[in-house]
Amino acid sequence: MKLAGCELGDLRNMVQANGLEETLRALREAGAYISLEEFKGRKPIERQGRTIPLSPRAFDNPFLSRYYYVESSGSTGAGARVAHDLENLAARTCYDLLSYEALGLLGAPTVMWQGELPAGGAINLMLKQVQMGQLAKKWFTPLRPGDLRPALRFRLATRAIVLTARLMGAPFPYPRLLRLDQADVVARLMAETIQKHGACLLRAYVSVALRVSLAAKELGLDLTGATFIGGGEPATPAKVAGITSSGARFVSSYATTELGAIGISCAHAAHPGDLHFFKDIFALITYPRRVPNTHVDIDAVHFTTLLPTTPKIMLNVETDDFGTIETRSCGCLLETYGFTEHLSDVGSFQKLTGESMTLVGSDMTRILEEVLPARFGGSALDYQLEEVEDEQGLTRLNLIISPKVSIADESEVIEAWTEALRRGSVGADLARAYWQQAGTLRIKRAEPVWSSRGKLMPLLLAGRAARLTDEAEGS
């Protein structure tokens, strides 16, 4: 801020005169922002010839009092520990309550199919549901003991939280193992719940919701009356079509480990990606930036945190997401509560997503450029990872290997890849556990694809890159 020529008095005057968003935009243009790499502590801040060293904990809120840690999935490198404060969860419960009211979900019997710690989504949801008086009746987890390398301490922490809640009079359900190929169990449970109560709500990742809907269709079950609230990965048209084909309704949510819930679907959504932005928790601006190794410019989102109990203190922090923010009338109940800003078409421009597990950066690049060439031959130019959707809308990751590399047994490549992820960060191991169970990784023998600028990117976001190009040309 000092390098940008802005003191505290200047900041107050600018906000009073021009409003928060215009002030943040002026600060961004003056160089007062934090890039994703800087926020993650992987590079120092460098502005106007000055260097400010950082650590991964540099943005932690020092005023948190009662908190526990969760682990991010490492979407752009090693997973980061994020403290979740109980006062912050209490302050944010009202947004779940208002969203449920607007979407007609108050009182709907709730089921969760999400992982235990170090993934914090399920625990956070249940702690907020206690205040709402709408605690989930069932909690399924797709990961069994031993799926994660350091699983014991996380299992103990999860059970300690559940036991403490029960002793305090909140009947938290214990997580029950249910593998991803057992989606029929949830489909039958939801159909029975709908018959008995007329409604059922499932909180799960987008791909998990799709698996339940596909299982219901195979069983001939009608899920009319069911609602899926899904996040963790883009709700693509193919995924949403697959979910709603069972009769269920899909509600999109947008959240990150560091920020928590950022927005929820409008009750009168123009499309599945139409979200109400929680503008009194965060401030948001978009700012043009070039997608790495392309000629495409997108509007990268920058977040500023406003709650004093926020886990991370953020001022114009750029994520690797892009989107569109606009103020408009929709007639939704959330609009009457003051949430007039809509965030649309949110997506990532540099990370892979499969089964709602995201991983890019140091872990994946090391495997593609070092581990696999050392084990099977070839060089870093012979391996590439590609994100695609199959005919059912499920996300798959194709490991592209040049035909020049002679491999006797391709299953050994997948084993080497999963073992390398297991030995990586906690976030990498978590992604590996989901992907291995879901059969996300597949081998594709072809020459890796080079960019128009003559660069070989380890991570090929083919479909997303094409969409970004179309949007850029259309604008």
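Report yes if some residue within region 212-221 is surrounded by 15 or more Cβ atoms within 10 Å (Cβ to Cβ) and within 20 Å of the chain's Cα centre (by Cα); otherwise report no.
yes
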List the number of the failed condition for PRO118; all other conditions in (1) modelled with pLDDT of 90 or more; (2) in contact with a strand residue (DSSP E or B) (Cβ under 6 Å, 6 or more places away or on another chain) hold.
(1)
On the given criteria, is ASP321 buried (at least 20 other Cβ atoms within 10 Å of the Cβ), among the acidic types (Asp, Glu) and either in a strand (DSSP E or B) or touching a helix residue (DSSP H, G or I) at 6+ places or on another chain (Cβ under 7 Å) (or both)?
yes
Please tell me if GLN384 is of a type outside the set (Ser, Thr, Tyr) and crowded, with 16+ Cβ neighbours inside 10 Å.
yes
Restricting the search to region 234-273, which residues are under 20 Å from GLU389 (Cα atoms), in contact with a helix residue (DSSP H, G or I) (Cβ under 8 Å, 6 or more places away or on another chain) and outside any strand (DSSP E or B)?
PRO234, ALA235, LYS239, GLY242, ILE243, THR244, SER245, SER246, PRO272
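For every residue, the table says whether it meets (1) out of contact with any helix residue (DSSP H, G or I) (no Cβ under 7 Å at 6 or more places or on another chain); (2) part of a helix (DSSP H, G or I); (3) β-branched (Val, Ile, Thr); (4) modelled with pLDDT under 75.
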{"position": "ALA374", "(1), (2), (3), (4)": "yes, yes, no, no"}
{"position": "GLY378", "(1), (2), (3), (4)": "yes, no, no, no"}
{"position": "GLU447", "(1), (2), (3), (4)": "yes, no, no, no"}
{"position": "ARG467", "(1), (2), (3), (4)": "yes, yes, no, yes"}
{"position": "GLU473", "(1), (2), (3), (4)": "yes, yes, no, yes"}
So, LEU315, is that one out of contact with any Phe, Trp or Tyr (no Cβ under 9 Å at 6 or more places or on another chain) and modelled with pLDDT of 90 or more or not?
no
Which residues, taken from region 20-55, are more than 21 Å from ALA283 (Cβ to Cβ) and of a type in the set (Gly, Ala, Ser)?
GLY41, GLY49, SER55
Output the qualifying pairs, or none if there are none: Cβ atoms under 6 angstrom, residues six or more apart or on different chains, first residue in region 106-133 and over 16 Å from CYS200 (Cβ atoms), second residue in a loop (DSSP other than H, G, I, E, B) and not basic (Lys, Arg).
GLY115/LEU143; GLU116/PRO175; GLY121/GLN114; ALA122/GLN114; MET126/PHE172; VAL130/ALA170
Being modelled with pLDDT of 90 or more and surrounded by 23 or more Cβ atoms within 10 Å (Cβ to Cβ) is true for just one of ALA267, ALA235, ALA209, ALA283. Which residue is that?
ALA209
So is ALA187 part of a helix (DSSP H, G or I), under 26 Å from the mean Cα position of the chain (by Cα) and buried (at least 20 other Cβ atoms within 10 Å of the Cβ) or not?
yes
Has region 246-257 got at least one residue that is modelled with pLDDT of 85 or more, over 28 Å from GLY198 (Cβ atoms), crowded, with 19+ Cβ neighbours inside 10 Å and small (Gly, Ala, Ser)?
no
Determine which member of the set LEU201, LEU156, LEU163 is out of contact with any helix residue (DSSP H, G or I) (no Cβ under 7 Å at 6 or more places or on another chain), closer than 17 Å to ALA122 by Cα and crowded, with 23+ Cβ neighbours inside 10 Å.
LEU201
Taking ARG166, is it more than 24 Å from TRP435 (Cα to Cα), of a type outside the set (A, V, I, L, M) and assigned to a helix (DSSP H, G or I)?
yes
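In this structure, is GLU370 within 30 Å of SER245 (Cβ to Cβ), under 29 Å from the mean Cα position of the chain (by Cα), of a type in the set (Asp, Glu) and in the same structural domain as PRO448 (by TED's automatic domain parsing)?
Against the criterion (within 30 Å of SER245 (Cβ to Cβ), under 29 Å from the mean Cα position of the chain (by Cα), of a type in the set (Asp, Glu) and in the same structural domain as PRO448 (by TED's automatic domain parsing)), GLU370 does not qualify.
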Given LEU177, LEU163, which one is touching a Lys or Arg at 6+ places or on another chain (Cβ under 6 Å) and modelled with pLDDT of 90 or more?
LEU177
Restricting to region 404-443, what's the tally of residues that are buried (at least 19 other Cβ atoms within 10 Å of the Cβ) and touching a residue at least 40 places away in the same chain (Cβ under 8 Å)?
18
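The values are calculated or read from the model by the stated rules, or taken from the named source; none is laboratory data. In this text, all values refer to a predicted model and were calculated from it rather than measured experimentally. Cβ coordinates were reconstructed from backbone atoms using ideal geometry, including for glycine residues, and neighbour counts include every protein chain displayed.
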